[in-house]
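The values are calculated or read from the model by the stated rules, or taken from the named source; none is laboratory data. These numbers come from a predicted model, not from an experiment. Neighbour counts are summed over all protein chains in view; Cβ atoms, including those assigned to glycine, are modelled from backbone coordinates with ideal geometry.
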């Protein structure tokens, strides 16, 4: 459901390692450590809009999978990360937990990018967890890291009537969180001047 909303966001698509077109906040984890999720700069995901029209585009986003960095097999992980927490998703994918310090940096980075937007912005923080692994009883569950991300974002994003952070007590995969995202999306799409034509447009 969240991916289906991405065509409305003021960012270019990025090509993921499996050749699917998508924009995912998990790619931002590359901005801190050097994992393997997309063969493009993380800066392309929330890059400065190349056309003025994108500054006005309604934007709804969240922190999906910012708790992890993707590597391929275990042997691909740099030695400097040997002490970190990992989950072997399968033989080709190993996930590394981001730290509170890294999550804070990600919050600051996203906040600086969203400050460029002039249209309605809603960043929704799922306080209950950023992924299936960031849930009670799961290996990446870390309330401190999520709080660090929120602090980084709140310290940077200049909130106005148009540009807002919304905190939700739900896990990102909870139906209640999905309902909130849909409601906020519908809300920003009522912004004056928003085109309701759903025809995909190439931002480049």
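Would segment 155-163 turn up any residue that is in contact with a helix residue (DSSP H, G or I) (Cβ under 7 Å, 6 or more places away or on another chain), part of a loop (DSSP other than H, G, I, E, B) and more than 19 Å from residue 183 (Cα to Cα)?
yes
Closer than 19 Å to residue 111 by Cα, at pLDDT below 95 and not in a helix (DSSP H, G or I): is that true of residue 195 in this structure? Before the answer, list the steps.
Numbers: closer than 19 Å to residue 111 by Cα: no; at pLDDT below 95: yes; not in a helix (DSSP H, G or I): yes.
Considered against the rule, which asks whether it is closer than 19 Å to residue 111 by Cα, at pLDDT below 95 and not in a helix (DSSP H, G or I), residue 195 comes out as no.
Residue-wise test of (1) surrounded by fewer than 18 Cβ atoms within 10 Å (Cβ to Cβ); (2) touching a strand residue (DSSP E or B) at 6+ places or on another chain (Cβ under 9 Å); (3) modelled with pLDDT of 95 or more.
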| residue | (1), (2), (3) |
| --- | --- |
| 116 | yes, no, no |
| 126 | no, yes, yes |
| 136 | yes, yes, yes |
| 162 | yes, yes, no |
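If you check residue 132 against the conditions, is it under 17 Å from the mean Cα position of the chain (by Cα), assigned to a loop (DSSP other than H, G, I, E, B) and at pLDDT 90 or above? Talk me through it step by step, then tell me what you get.
Values: under 17 Å from the mean Cα position of the chain (by Cα): yes; assigned to a loop (DSSP other than H, G, I, E, B): yes; at pLDDT 90 or above: yes.
It is true that residue 132 is under 17 Å from the mean Cα position of the chain (by Cα), assigned to a loop (DSSP other than H, G, I, E, B) and at pLDDT 90 or above.
When you look at residue 60, is it at pLDDT 90 or above, more than 21 Å from residue 187 (Cβ to Cβ), part of a strand (DSSP E or B) and in contact with a helix residue (DSSP H, G or I) (Cβ under 7 Å, 6 or more places away or on another chain), yes or no?
Numbers: at pLDDT 90 or above: yes; more than 21 Å from residue 187 (Cβ to Cβ): no; part of a strand (DSSP E or B): yes; in contact with a helix residue (DSSP H, G or I) (Cβ under 7 Å, 6 or more places away or on another chain): yes.
Criteria not met by residue 60.
May I ask you to list the residues in segment 63-83 that are within 21 Å of residue 131 (Cα to Cα), in contact (Cβ under 8 Å) with a residue 24 or more places away in the chain and part of a loop (DSSP other than H, G, I, E, B)?
Listed by number, the residues that qualify are 63, 64, 65, 66, 67, 72.
Exactly one condition in (1) within 30 Å of residue 162 (Cα to Cα); (2) in contact (Cβ under 8 Å) with a residue 60 or more places away in the chain; (3) within 16 Å of the chain's Cα centre (by Cα) is false for residue 107; which is it?
The number of the failed condition is (2).
Residue 181 fails exactly one of the following numbered conditions: (1) surrounded by 21 or more Cβ atoms within 10 Å (Cβ to Cβ); (2) farther than 16 Å from residue 59 by Cα. What is the number of that condition?
Of everything listed in (1) surrounded by 21 or more Cβ atoms within 10 Å (Cβ to Cβ); (2) farther than 16 Å from residue 59 by Cα, residue 181 misses just condition (2).
Quick one: which residue in 177, 140 is assigned to a helix (DSSP H, G or I) and in contact (Cβ under 8 Å) with a residue 40 or more places away in the chain? Even if it seems obvious, please write down each step before you answer.
Values: 140 fails: assigned to a helix (DSSP H, G or I).
177 is the lone residue from the list that is assigned to a helix (DSSP H, G or I) and in contact (Cβ under 8 Å) with a residue 40 or more places away in the chain.
Please find, within segment 167-176, the residue that is farthest from residue 62 (Cα to Cα) out of those that are in contact with a helix residue (DSSP H, G or I) (Cβ under 9 Å, 6 or more places away or on another chain) and loosely packed, with under 14 Cβ neighbours inside 10 Å.
So, considering only residues that are in contact with a helix residue (DSSP H, G or I) (Cβ under 9 Å, 6 or more places away or on another chain) and loosely packed, with under 14 Cβ neighbours inside 10 Å, the one farthest from residue 62 (Cα to Cα) is 169.
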